[in-house]
Amino acid sequence: MSEIILEAKRRQPGRSAARAMRRQSTIPGIYYFHGEEPISISVPELSLRPLIFTTESHLVRMKLEDGTEKTCVLKDIVFDPITDRPTHFDLLGITANEKIRVEVPVSLQGQAIGMQHGGIVDFALHKLEIECIPSDIPDHITVDITNLDVNDSIHVSDLNLPGITIISPADLNIVSISPSRVSEEPTSAAAEPEVIGKGKTEDK
């Protein structure tokens, strides 16, 4: 699991202060860890992009201006429903030998044989919640769909991840191959031309 360094600053809590930060493209957040006082922080919006726009999980090494460093993971992030820009984030502190719960992206591998039969890949579950020690957190969870035919599917219960406990419900569907949604209408036989019987030729 790769690590990202995040330069952060302590901030004053409060909604008005948070709104003022956002106007300057600075995103308020909070770092928390059991047994410690939460730390209200802020980071430039651009600094969050490697954590948001990614298909992999990352450890975060947060560095504060006073030299304090914390190892953590991105636990939650809130987006503006209109602009889709981040408005708040949570960092969860971790220790090397303590299990934590995190969400990890799911990545599909291979080309399903069902696609050759007109099937469509329905990718339903893009993240899994797991529990493990930090060193066992995978960048992503790979699901091989090569052998899936039409109407086949892979559920959470089908996964085997050594050293990792899957928290997501076992009956959740991760991916399936659905029949084509475009129904082919049967082509009607070409209409037979009407045969008009010939009458007697008129004598002239």
Problem - Every pair of residues 6+ apart whose Cβ atoms lie under 8 Å, when the first sits in region 142-154 and is closer than 13 Å to F123 by Cα and assigned by TED's automatic domain parsing to the domain that holds P169 while the second is at pLDDT 95 or above and among the acidic types (D, E) - result: none
Practice task
Considering only residues that are among the β-branched types (V, I, T) and in a strand (DSSP E or B), look in region 138-167 and name the one that is surrounded by the most Cβ atoms within 10 Å (Cβ to Cβ).
Solution key: I154
Fill in the blank from the handout: Just one listed residue, out of D90, D122, D84, D76, is among the acidic types (D, E) and free of Cβ contacts under 8 Å to residues at least 12 places away in the same chain, and it is D84
Fill in the blank from the handout: If we ask which residues in region 16-43 are in contact with a Leu (Cβ under 8 Å, 6 or more places away or on another chain), hydroxyl-bearing (S, T, Y) and under 18 Å from I4 (Cβ atoms), their number turns out to be 1
Practice task
Report, by residue number, each residue of region 60-101 that is aromatic (F, W, Y) and either surrounded by 16 or more Cβ atoms within 10 Å (Cβ to Cβ) or out of contact with any strand residue (DSSP E or B) (no Cβ under 7 Å at 6 or more places or on another chain) (or both).
Solution key: F89
Practice task
Run down S2, S57, S40 and say which single residue is surrounded by 11 or more Cβ atoms within 10 Å (Cβ to Cβ), closer than 24 Å to I100 by Cβ and modelled with pLDDT under 90.
Solution key: S57
Practice task
Determine if region 20-31 includes at least one residue that is under 24 Å from K127 (Cβ atoms) and within 19 Å of the chain's Cα centre (by Cα).
Solution key: no
Problem - Out of L64, L51, sole residue that is under 22 Å from the mean Cα position of the chain (by Cα) and not aromatic (F, W, Y) - result: L51
Exercise for the section: Test each condition in (1) assigned to a loop (DSSP other than H, G, I, E, B); (2) at pLDDT below 95 for S135 and report the one that comes out false. Expected result: (1)
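The values are calculated or read from the model by the stated rules, or taken from the named source; none is laboratory data. What you see is a predicted model; the values in this text were computed from it and never measured. Cβ coordinates were reconstructed from backbone atoms using ideal geometry, including for glycine residues, and neighbour counts include every protein chain displayed.
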